[in-house]
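To start, the structure itself, in structure tokens.
The values are calculated or read from the model by the stated rules, or taken from the named source; none is laboratory data. Quick caveat: nothing in here was measured; it's all calculated off a predicted structure. Note that we place each Cβ from the backbone using ideal geometry, even for glycine, and neighbour counts take in every protein chain shown. Keep in mind that these areas ignore ligands, DNA and RNA; they rest on the heavy atoms of the full protein, side chains included. Shrake-Rupley method; radii C 1.70, N 1.55, O 1.52, S 1.80 Å.
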Amino acid sequence: MIKAVISGTGLYTPPASIDNDELVEAFNQYVERFNSEHAEEIARGDLEPLQPSASSFIEKASGIKRRHVVDREGILSPDRMAPYIPERSNDEPSVQCDMAVAASKGAMEQAGKTASDVDAVIVACSNLQRAYPAVAIEVQQALGIDGFAYDMNVACSSATFGLQAAVNSVENGSARAVLVVSPEICSGHLNFRDRDSHFIFGDACTAILVEREEDVAEGQGFEILGTRLKTQFSNNIRNNFGFLNRADESGIGKPDKLFIQQGRKVFKEVSPLVAETIQKQLESLSLSPDDLRRMWLHQANLNMNQLIARRVLGRDAAADEAPVILDEYANTSSAGSIIAFHKFKDDFEQGDIGVICSFGAGYSIGSVVVRHR
């Protein structure tokens, strides 16, 4: 029986970053201008005034202190409040392709492999730059990989669902090695004029190389003990931007064409569902929570992660047991749990067990239990 192993991970971090103070300053300038321009409507009671944001509010609500972004000037301009990412010609690599190539090279280098060793590329992320051709095929060409490639989207769980697909390809023999790449430009679909969400997202790209166990040196990498996927439909996290928007002009530019969520409902409904998913998967593998050395959880909200870890372990998790990258990267959608894994896996010893778990819009949950070889 063929077994799948994670042999390497890579991370691309955009050089630009924005801390909470900078973001709040730009947002509050916008609020002040809006309220001034609509003073008469507000005075008549026809319009609610916008409320300013605060760094203390952001950190308490989410645990986020800063975020990396592809472009900071456009986001911090009260006149624009959106990243400026110039379109490229069809002869140039796409922005997501550039990010994916950088992260993929890191994963292959860590695994000691080259493009000739890889048979497939899966680009799994929450938003794709275009409908077609697949960004994954562009990445495949840019890396010089001979094989196949495809895109997939399961929002914040895209990377773990991509891992499941990679494991299937390796274990059924259709590929010896598969790259799962998640180029997340979350700032592109974030409404920076919405007080409840303007601070949530950042940009980053991760890559994971999944190989046959026999092709990975002894003692290297993480054996994939099992994967578990779960979806349950909900409108509480949604983005209605799509190719049909032009078919009804009345919807163009409306808030629902960017990220929207009912945060309290998501917190209340998703947290127990994630904990239950992890617990049931551990049971199916004849493991207990005490067997876990670490949980690399989706990085969306610190309070949410602490609650999930508490439900799984039956106690508060130590910082080492559920590491956080949220403070530096903010929510990077599907890349979040993989960033945590990438940064907090090198201290694992042979036999140590951990779980990579993502969750988000859908609802979708992806859980991957791994053991260091």
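So, in region 203-222, how many residues would count as being open to solvent by 20 Å² or more (accessible area, probe 1.4 Å) and either assigned to a loop (DSSP other than H, G, I, E, B) or closer than 14 Å to PHE161 by Cβ (or both)?
4
What number of residues within region 29-51 are exposed (fewer than 15 other Cβ atoms within 10 Å of the Cβ) and either touching a residue at least 24 places away in the same chain (Cβ under 8 Å) or touching a Phe, Trp or Tyr at 6+ places or on another chain (Cβ under 6 Å) (or both)?
Residues of region 29-51 exposed (fewer than 15 other Cβ atoms within 10 Å of the Cβ): 32-33, 36-37, 39-41, 43-49, 51.
Next, from what is left, pick out any that are either touching a residue at least 24 places away in the same chain (Cβ under 8 Å) or touching a Phe, Trp or Tyr at 6+ places or on another chain (Cβ under 6 Å) (or both): 33, 51.
Of the residues in that region, 2 qualify.
Of the numbered conditions (1) of a type outside the set (S, T, N, Q); (2) farther than 26 Å from ASP151 by Cα; (3) open to solvent by 30 Å² or more (accessible area, probe 1.4 Å), LEU258 satisfies every one except a single condition; which is it?
It fails just one condition, (2).
Please work out which one of (1) within 25 Å of GLY253 (Cα to Cα); (2) in a loop (DSSP other than H, G, I, E, B); (3) open to solvent by less than 30 Å² (accessible area, probe 1.4 Å) is the condition GLU87 fails and give its number.
So GLU87 meets the others, but not (3).
Condition first: assigned to a loop (DSSP other than H, G, I, E, B), without any contact (Cβ under 8 Å) to a residue 24 or more places away in the chain and among the hydrophobic types (A, V, I, L, M, F, W, C). Now tell me which residues in region 117-174 satisfy that.
ALA134
Conditions first: (1) of a type in the set (A, V, I, L, M, F, W, C); (2) surrounded by fewer than 24 Cβ atoms within 10 Å (Cβ to Cβ); (3) modelled with pLDDT of 95 or more. VAL135 passes all but one, so which condition is the exception?
The single condition VAL135 does not satisfy is (2).
So, in region 277-293, how many residues would count as being in contact with a Lys or Arg (Cβ under 9 Å, 6 or more places away or on another chain) and either small (Gly, Ala, Ser) or farther than 26 Å from GLN232 by Cβ (or both)?
1
Looking at region 283-294, I want the residues that are in a loop (DSSP other than H, G, I, E, B) and have a partner that is open to solvent by less than 40 Å² (accessible area, probe 1.4 Å) with Cβ atoms under 7 Å, at least 6 apart or on another chain. Which pairs are those?
Going by the 7 Å Cβ cut-off, the qualifying pairs are LEU285/GLY226; LEU285/VAL369; LEU287/ILE353; SER288/LEU282.
So if I check each of SER271, SER250, which one is crowded, with 18+ Cβ neighbours inside 10 Å and either closer than 20 Å to ALA155 by Cβ or small (Gly, Ala, Ser) (or both)?
It is SER271.
For the condition basic (Lys, Arg), surrounded by 13 or more Cβ atoms within 10 Å (Cβ to Cβ) and part of a loop (DSSP other than H, G, I, E, B), what is the one hit in ARG67, ARG80?
Being basic (Lys, Arg), surrounded by 13 or more Cβ atoms within 10 Å (Cβ to Cβ) and part of a loop (DSSP other than H, G, I, E, B) holds for just one of ARG67, ARG80, which is ARG80.
Within region 254-272, can one find any residue that is part of a loop (DSSP other than H, G, I, E, B) and in contact with a strand residue (DSSP E or B) (Cβ under 9 Å, 6 or more places away or on another chain)?
Checking region 254-272: at least one residue is part of a loop (DSSP other than H, G, I, E, B) and in contact with a strand residue (DSSP E or B) (Cβ under 9 Å, 6 or more places away or on another chain).
If a residue must be surrounded by 10 or more Cβ atoms within 10 Å (Cβ to Cβ), over 24 Å from SER197 (Cβ atoms) and out of contact with any Phe, Trp or Tyr (no Cβ under 7 Å at 6 or more places or on another chain), how many such residues does region 223-247 contain?
Of the residues in region 223-247, 7 are surrounded by 10 or more Cβ atoms within 10 Å (Cβ to Cβ), over 24 Å from SER197 (Cβ atoms) and out of contact with any Phe, Trp or Tyr (no Cβ under 7 Å at 6 or more places or on another chain).
Does region 231-238 include one or more residues that are in contact with a strand residue (DSSP E or B) (Cβ under 6 Å, 6 or more places away or on another chain) and within 30 Å of ALA120 (Cβ to Cβ)?
yes
With (1) open to solvent by less than 20 Å² (accessible area, probe 1.4 Å); (2) within 22 Å of GLN96 (Cα to Cα); (3) of a type outside the set (Asp, Glu) as the list, and SER197 as the residue in question, which single condition is left unmet?
(2)
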